[in-house]
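The values are calculated or read from the model by the stated rules, or taken from the named source; none is laboratory data. Just so you know, these numbers come straight off a predicted model, no measurement behind them. Every residue, glycine as well, gets a Cβ built from its backbone with ideal geometry; the counts of neighbours run over all protein chains shown.
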């Protein structure tokens with residue numbers, strides 16, 4: 001199963017941000033996306049989630065045109081850069097709403113979140129982020145899109161998140177984009193770099209240097 | 001992994017967008033979610049319905065058209081406020097199966113329905 005985003009043309013006034021960019025995610029794989037600030041990386045994610053309508057776009061799920069990925073039940077969930085869950089909602093309630101078994105989740109990650117009775121807003125900033133990432137990965141969707149999942153998370157938990165992403169990618173497709181490129185580089189089965197309005201598949205660190213993403 | 005699946009897509013049966021057009025999909029699986037989404041709009045909705053009732057009561061059914069126009073305008077304003085207010089947490093609603101068009105449509109339909117029932121009841125009782 002795959003999601004293909006193709007022929008993406010997006011401009012803001014006279015500024016062409018994306019010129020024929022493409023992107024493919026596969027179930028069972030981690031897909032990474034990197035790009036310098038302002039190259040259209042976040043725009044690609046907004047397009048994928050229907051928040052932004054470009055001039056030209058094709059989205060296909062298994063080769064079949066699909067106008068809105070969110071309209072297909074159980075296909076994707078998306079974590080934006082910022083916290084997006086209600087602060088007054090209990091963790092247990094969030095797990096129920098996402099269709100995640102609370103007991104199983106707590107058994108697996110109980111050391112991080114002692115009880116489901118805590119409210120989301122009671123958690124520290126980093127723990128909130130950690131909970132959101134684990135929550136979306138645990139939800140039974142075919143694809144999970146994570147925008148900067150490692151932000152605000154302390155190093156020991158980053159290793160934990162990386163392990164969970166790798167484990168989750170056995171049963172779903174995971175898209176990861178983050179400025180902590182080393183983690184994305186290590187995790188990704190396929191890595192895209194958004195560069196000069198297009199997307200390029202890159203092989204590794206050398207390519208990132210060649211395209212000026214890192215030195 | 002979760003034990004309850006929100007929905008499924010089989011590789012050969014990927015349907016085009018459907019949930020917002022499917023009446024079954026509009027049935028609330030978690031009714032409080034609509035209220036959570038629309039609670040900031042509730043005051044405006046109740047206020048305009050109350051004002052419409054008062055004006056119809058004092059001026060008669062002839063002003064119903066104007067009041068309906070007022071209701072529609074304030075509903076559009078309410079939608080704009082809701083969209084702005086939920087610009088950051090809309091992904092939470094979308095992730096659990098509540099698309100923005102669906103949330104706005106249900107909010108508007110309930111608001112307009114309550115308004116219609118209120119005004120109709122008022123006219124039947126007093127005119």
Practice task
Examine region B:84-94 for a residue that is over 19 Å from residue A:97 (Cβ atoms), at pLDDT 90 or above, within 14 Å of another protein chain (Cβ to nearest Cβ) and assigned to a helix (DSSP H, G or I), and state whether such a residue exists.
Solution key: yes
Exercise for the section: Would you mind telling me which numbered condition in (1) part of a helix (DSSP H, G or I); (2) modelled with pLDDT of 90 or more residue A:107 fails? Expected result: (2)
Exercise for the section: State whether one or more residues within region A:15-35 are more than 14 Å from chain B (Cβ to nearest Cβ) and out of contact with any strand residue (DSSP E or B) (no Cβ under 7 Å at 6 or more places or on another chain). Expected result: yes
Practice task
Could you please find all residues in region A:93-103 being touching a helix residue (DSSP H, G or I) at 6+ places or on another chain (Cβ under 7 Å), surrounded by 18 or more Cβ atoms within 10 Å (Cβ to Cβ) and assigned to a helix (DSSP H, G or I)?
Solution key: A:94, A:95
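Every residue in region A:49-79 that is outside any loop (DSSP other than H, G, I, E, B) and either free of Cβ contacts under 8 Å to residues at least 12 places away in the same chain or within 7 Å of chain B (Cβ to nearest Cβ) (or both), please.
So in region A:49-79, the residues outside any loop (DSSP other than H, G, I, E, B) come out as A:56-61, A:64-65, A:69-71, A:76-79.
The answer is A:61, A:64, A:65, A:70, A:71, A:77, A:78.
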Completion exercise
All conditions in (1) out of contact with any helix residue (DSSP H, G or I) (no Cβ under 6 Å at 6 or more places or on another chain); (2) farther than 23 Å from residue A:47 by Cβ; (3) surrounded by 20 or more Cβ atoms within 10 Å (Cβ to Cβ) are true of residue B:117 except (3)
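Residue-wise test of (1) at pLDDT 95 or above; (2) more than 12 Å from the chain's Cα centre (by Cα); (3) more than 30 Å from residue A:65 (Cα to Cα).
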residue	(1), (2), (3)
B:16	no, yes, no
B:45	no, no, yes
B:77	no, yes, yes
B:81	no, yes, yes
Exercise for the section: Take residue A:6 and decide whether it is closer than 23 Å to residue A:188 by Cβ and outside any loop (DSSP other than H, G, I, E, B). Expected result: yes
